[in-house]
Amino acid sequence: MALQDKYQGLINAAQGAGISDLTVAEQDEVLYVTGTAPSESVKKQLWDLYGQIDPEMRSGDLVLNISVAEGAEQMYEVKAGDNLSKIAKNFNTNWKAIFEANRDTIKDPDKIFLGQKLRIPS
């Protein structure tokens with residue numbers, strides 16, 4: 001039970017973020033937290049919170065097994081040297097799919113900018 005107390009903030013965040021099939025189980029001095037996040041950003045938020053609780057992640061007392069729901073939208077922040085083709089290759093898709101998913105913010109597929117947040121279709 002002490003581990004659940006240590007990670008209660010993480011558990012509460014998972015519950016509040018809409019993690020489906022959330023299970024929390026303690027076994028052999030390890031806390032197992034599993035479930036499915038509605039998006040990649042929710043999963044990242046949980047990992048960031050874990051990093052705040054155990055900054056070097058050396059305790060070895062938590063297994064955080066959060067997957068992302070199939071068909072969930074992923075977000076990507078454009079970095080220096082990126083283009084749609086390069087980004088698409090990293091996500092196993094094509095540049096046209098990314099362009100179409102971001103028509104509201106991209107007018108020309110050759111003009112994306114540093115720091116721009118793009119939706120990556122599944």
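Please treat every number below as a calculation from the coordinates, not as lab data. Please read these numbers as outputs of a predicted model, since none were measured by experiment. Cβ sites come from the backbone with ideal geometry, for glycine too, and all protein chains shown count toward neighbours.
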Which FRET efficiency value, to the nearest 0.05, is calculated for Gln52 and Val30 with the Förster distance at 25 angstrom and r the Cβ-Cβ distance?
-> 0.80
Taking the chain and counting helices only, DSSP H stretches of n ≥ 4 at -39,500 (n - 2.57) each over all residues, the nearest-500 ellipticity at 222 nm comes to -9500 deg cm²/dmol
Residue among Ser41, Ser85, Ser20 with the largest mean-square fluctuation in a Gaussian network model of the chain, springs linking Cα atoms under 10 Å | Ser85
If you stretched the chain out fully between Ala2 and Asp108, how much longer would it get, using 0.36 nm times the residue separation minus the C-alpha to C-alpha distance?
-> 32.7 nm
Virtual spin-label span in nm between Ser85 and Ser41, 7 Å along Cα→Cβ = 3.0 nm
Note down the nm distance, to one decimal, between modelled labels 7 Å out along Cα→Cβ at Lys117 and at Asn94.
-> 2.8 nm
Scan the chain and report its longest stretch carrying no chymotrypsin sites (Phe, Trp or Tyr not before Pro) that are both in a DSSP loop and have at most 15 other Cβ atoms within 10 Å.
-> 1-90
